[in-house]
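Colleague: First, the structure itself, so that you have it in front of you.
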Amino acid sequence: MNCLREGGYVTRKLSMVIYYLGETFLYWKGTEPRIFISDPELAKQILSNKLGFFVKPKIRPGFVKLIGPKGLAFVEGAEWVRHRKILNPAFSIDRLKIMTNVMVDCTLKMFEEWRKQRKEDKTEKIVMKKEMNREFLRLTADIIATAAFGSSYIQGIEVFRTLKELKNCCETSLIDIYIPGTQYLPTPFNFRIWKLERKINNAVKRIIDSRLGSNSDYGGDLLGIMLKSQGNELKMSIEEIIHECRTFFFTGHETNSSLLTWTIMLLSFHQDWQEKVREEIFNEWGKDKTPESETFSKLKLMNMVFMESLRLYGPVTSLSREASKDIKLGHLDIPK
């Protein structure tokens, strides 16, 4: 679903519901009672969950197929800790600084494509219109493919294209009435999903096999970091690595493109802030220099703009948890 349509609608509706019903209220989803919580302190207690009292709820099979059940988004307890320890180095400050060059290169490549399209436009329009959400989806896919697969970027892009096909199929199933067991029936729809899953898994496995068969280092990208764990006590199976690659794509693709789209839209509405941010960037980098990771921390106004965009139109509007036992949360008694 288009991030502008979804983000704006959901945010407005949630604000309206909270205004009338308060920060905490009970509602029903079919025959299932649920408690809505927006109080930051209660949310912090739930999400910190050090004792394992609040677990991830069972998800419809259509969504599980997108990511895979053995990715970080779905594993719990000791398994989650193991996955997190292996993946942490990929998201360290030093690693993210290295990835700055990748992000800059991909962005400059996008700008170059725009210039080329401008030259090819025989109408010589002064203004070139772009659907920015679509452009940012392409940009984030390029960056994630490079971050995940590095030198295997071309194969990575093909994997992500197939993942997008799978996403479109699974989104269709999510809006249908769910009948348990139907995901195992040999229907044309399920055959298509199974075919796409096999294609994705086989493509990632080919990339893994080529890395394992090379004499050089596995690389410093996400895949390389996971493969290096094979020689350690905290190792991942090939299936887990495949599912983590899928998780990385889906959790980073539309969320980041949504943030960028909303930020650009807000800056277009508030052009005085657009000028302030532009001036800040020029003061730090100049007009012709390539951005460097060390300078980003100095962009105070830019950081404020991103924080405000996240506050108004957060890419993730809600999270769900289930109580694993009867528990008291603040003034609430929550049954299992």
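The values are calculated or read from the model by the stated rules, or taken from the named source; none is laboratory data. Model, not experiment: these values are computed from the prediction. Cβ atoms come from the backbone with ideal geometry, glycine included; neighbour counts cover every protein chain shown.
Colleague: Out of Gly224, Gly213, which single residue is surrounded by 14 or more Cβ atoms within 10 Å (Cβ to Cβ) and either among the small types (Gly, Ala, Ser) or more than 30 Å from Gly30 (Cβ to Cβ) (or both)? Steps first, please.
Modeller: Values: Gly213 fails: surrounded by 14 or more Cβ atoms within 10 Å (Cβ to Cβ).
Selected residue: Gly224, the only one of Gly224, Gly213 that is surrounded by 14 or more Cβ atoms within 10 Å (Cβ to Cβ) and either among the small types (Gly, Ala, Ser) or more than 30 Å from Gly30 (Cβ to Cβ) (or both).
Colleague: Against the conditions (1) part of a helix (DSSP H, G or I); (2) within 21 Å of the chain's Cα centre (by Cα), where does Lys70 fall short? Just the number, please.
Modeller: Only one criterion is unmet by Lys70, namely (1).
Colleague: Step by step: first the residues of the stretch 88-103, then only those that are of a type in the set (A, V, I, L, M) and within 18 Å of the chain's Cα centre (by Cα), then the one that is nearest to Gly220 (Cα to Cα). Which residue is that? Explain how you work it out, then say what you get.
Modeller: Initially, the stretch 88-103 is screened for residues of a type in the set (A, V, I, L, M), giving 90, 93, 96, 98-99, 102-103.
With within 18 Å of the chain's Cα centre (by Cα) added as a condition, the list becomes 90, 96, 99, 102-103.
On the way: Ala90: 8, Leu96: 11, Met99: 10, Val102: 13, Met103: 15 Å.
The selected residue is Ala90.
Colleague: Only one of Leu267, Leu301, Leu310 is assigned to a helix (DSSP H, G or I) and buried (at least 17 other Cβ atoms within 10 Å of the Cβ). Can you tell me which?
Modeller: On the way: Leu301 fails: buried (at least 17 other Cβ atoms within 10 Å of the Cβ); Leu310 fails: buried (at least 17 other Cβ atoms within 10 Å of the Cβ).
Testing whether each residue is assigned to a helix (DSSP H, G or I) and buried (at least 17 other Cβ atoms within 10 Å of the Cβ) leaves just Leu267.
Colleague: Which of the residues that make up the stretch 240-251 are closer than 24 Å to Ser309 by Cβ and either modelled with pLDDT under 85 or charged (D, E, K, R) (or both)?
Modeller: Phe250, Thr251
Colleague: With respect to the numbered conditions (1) without any contact (Cβ under 8 Å) to a residue 60 or more places away in the chain; (2) under 27 Å from Ile93 (Cβ atoms); (3) surrounded by fewer than 18 Cβ atoms within 10 Å (Cβ to Cβ), which one is the sole condition not fulfilled by Gly252?
Modeller: For Gly252, the exception is condition (1).
Colleague: Here is a further query. Read through the list (1) at pLDDT 85 or above; (2) within 29 Å of Lys44 (Cα to Cα), then give the number of the only condition that Arg278 fails.
Modeller: Unmet for Arg278, out of (1) at pLDDT 85 or above; (2) within 29 Å of Lys44 (Cα to Cα): (2).
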